[in-house]
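Structure first, then comments.
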Amino acid sequence: MSGDCILCGKCLEVCPLLRATGREELGPRAKADLCFLLGDDETLLSGEDVAKLAGLCLGCHRCKAVCSQGVDVPGLVAALRLAHPDFKGWLWKTWLTHARELWSSTSLAAKLIPKNFQSEKFGPFLKMLAGLKGGPGLEPFLIPEIFPDTYRGERMLLFAGCTANYVQGRWLVTALRLLDGLGIEVLPGDFKCCGGGLSSAGFDVESEAMACKNIDVWRKAGKPKMVLFCASCLSSLGGYENYFEDSEEFISWQRSLMPLSALLREATFVVSEKASGKVAYHRPCHVDKADSDYMFLHNALGNRLIVSTSRECCGFGGVMRLGTPALADAVNRDCWEKLGTPDVVLTGCSACAAQLAATAPNEVRVGHWLEIIA
Ligand code: SF4
Ligand code: SF4
């Protein structure tokens, strides 16, 4: 997988970790090189060194998206993680496989731990946990006016994702109201986690089990369209290729994935007088080139949308946030430098929303774009 690297350097331009630290040894090309040198002989490096290398990637997939040779650096790093699961990996796995029991309570609990009891090692992680639950939510100021008839009468599944299912129920309620406005009937579907976080942490068996369960729900429902409102879930579901034996069925799976914001393209909204002044948008790493959340917000908010990130990552980074929080913080600072200090930052990814809410300057509020819909 890493042997095809032609050292063109394209990936260096997009890696947020390299951009924030200026350290080329942390960039994708260096990691691809090292994995190539290691080959199958991991004894060339100590377990500790491999674990360290496995921790130095945000798993943002930006390098993979631009590589003409199909070099999958985050995949190589995930394989290293799989080969050397240390306690951080275990923690991440526990966190993702017990979302139902842990997320809401842990997020609340993390908020209650006094700062002087938070060790340097876990402080940033606890901050991110507290951010998952967010604050009281954003004041809604975007009022739906006219819904088009384009999808009226269609039946679709809704893949809400773990954050909306377990801690941010208001996102789910708003999404259901919008689908109702569009005249779409939501079919019942007991989806599991998208498996993206587990896969990038190297837990292939668990993420495959989740993917197969999700595919099964879709097949049993008659392969309808599936609506999503989290960019990371969308990207993860779109990458289920290996779980389909029939490539035509995989293509039909991919075509069924619909971002909620794309369904709202022809809807009209009015901005209420209570609207926040300056709004910024954070573009998640896992978003498609055609970023439908941005297009929706750009159309609906016009001049109020003053800035959008493009190359900057929020620094969430899964296992990396646990293993090397200082580097994840450098990436996060880079992101805030671009965002500046607007009144509100909106995004369309649950992980970015948690990370930015946990690190926002005091006067800046952060939320999923669904929170501004009245
Ligand atoms: S973009 Fe691909 S081929 Fe080019 S340096 Fe990066 S990993 Fe190598
Ligand atoms: S996945 Fe992201 S952080 Fe990791 S090497 Fe690629 S661009 Fe850099």
**Prompt:** Tell me, what % of the accessible area of the range 268-372 is carbon and sulfur with a 1.4 angstrom probe?
**Reply:** 47 percent
**Label zone at GLU154 (point 7 Å along Cα-to-Cβ), backbone N below 15 Å, the range 223-249** = 223-229
**Message:** How high is the relative contact order of the range 147-256? Use alpha-carbon pairs under 8 Å, at least six apart in sequence, and give a whole percent.
**Reply:** 30 percent
**Request:** Would you mind working out the magnitude of the charge dipole of the range 268-372 relative to its Cα centre, with +1 at each Lys and Arg C-beta and -1 at each Asp and Glu C-beta, to the nearest 20 Debye?
**Result:** 60 debye
**Message:** I'd like the distance separating the alpha-carbon centroids of the range 55-86 and the range 173-216, in whole Å.
**Reply:** 23 Å
**Request:** Anything over 29 Å Cα to Cα? Flag those among LYS10/LYS225; LYS225/LYS274; LYS10/LYS338, in the order listed.
**Result:** LYS10/LYS225; LYS225/LYS274
**Request:** Please work out how much length the chain gains when fully extended from VAL205 to LYS223, using 0.36 nm per residue of separation minus the C-alpha to C-alpha distance, in nm with one decimal.
**Result:** 4.0 nm
**Message:** Per residue, how much accessible surface does the range 268-372 expose to a 1.4 Å probe? Answer in Å², no decimals.
**Reply:** 38 Å²
**Calculated log₁₀ intensity ratio I(q)/I(0) where the Debye formula runs over C-alpha points of the range 147-256, q = 0.11, 0.13, 0.23 Å⁻¹** = -0.35, -0.49, -1.37
**Request:** Using a cut-off of 9 Å between beta-carbons, work out the net charge of the residues near PRO28 (Lys and Arg +1, Asp and Glu -1, PRO28 not included).
**Result:** +4
**Prompt:** Roughly how many percent of the accessible protein surface of the range 147-256 is carbon and sulfur, given a 1.4 Å probe and a whole-percent answer?
**Reply:** 47 percent
**Request:** Could you tally the net charge around LEU56, taking each other residue with its Cβ under 10 Å from the Cβ of LEU56, Lys/Arg +1 and Asp/Glu -1?
**Result:** +2
**Request:** Please give the contour-minus-distance gain from GLU145 to ARG265: 0.36 nm per residue of separation, less the Cα-Cα distance, rounded to one decimal in nm.
**Result:** 41.9 nm
**Request:** Go through ILE143, ILE184 and list them by solvent-accessible area, largest first, probe radius 1.4 Å.
**Result:** ILE143, ILE184
**Prompt:** Looking at SER236, THR174, VAL205, which one has the Cα that reaches farthest to the positive end of the dipole of the range 147-256 (charges on Cβ: Lys, Arg +1; Asp, Glu -1)?
**Reply:** THR174
**Item:** Under the Karplus curve 6.51 cos²θ - 1.76 cosθ + 1.60, θ = phi - 60°, whole-Hz ³J(HN,Hα) for the range 300-313, x wherever Gly or Pro sits
**Value:** 6, 9, x, 5, 5, 7, 8, 8, 9, 6, 10, 9, 8, 9
**Local electrostatic count at LEU327 - Lys and Arg +1, Asp and Glu -1, tallied over other residues with Cβ under 10 Å** = +1
**Prompt:** Where only protein heavy atoms count, and the probe is 1.4 Å, what is the accessible area per residue for the range 161-215 in Å²?
**Reply:** 39 Å²
**Message:** Need the full-extension length gain, VAL186 to VAL173, defined as separation in residues times 0.36 nm minus the C-alpha distance. One decimal, nm.
**Reply:** 3.4 nm
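The values are calculated or read from the model by the stated rules, or taken from the named source; none is laboratory data. Treat the numbers as computed from the prediction; the structure is a model and nothing was measured. Neighbour counts run over all protein chains shown; Cβ positions are idealised from the backbone, glycine included. We work out accessible area using only protein heavy atoms, side chains counted, and drop any ligands, DNA or RNA first. Shrake-Rupley method; radii C 1.70, N 1.55, O 1.52, S 1.80 Å.
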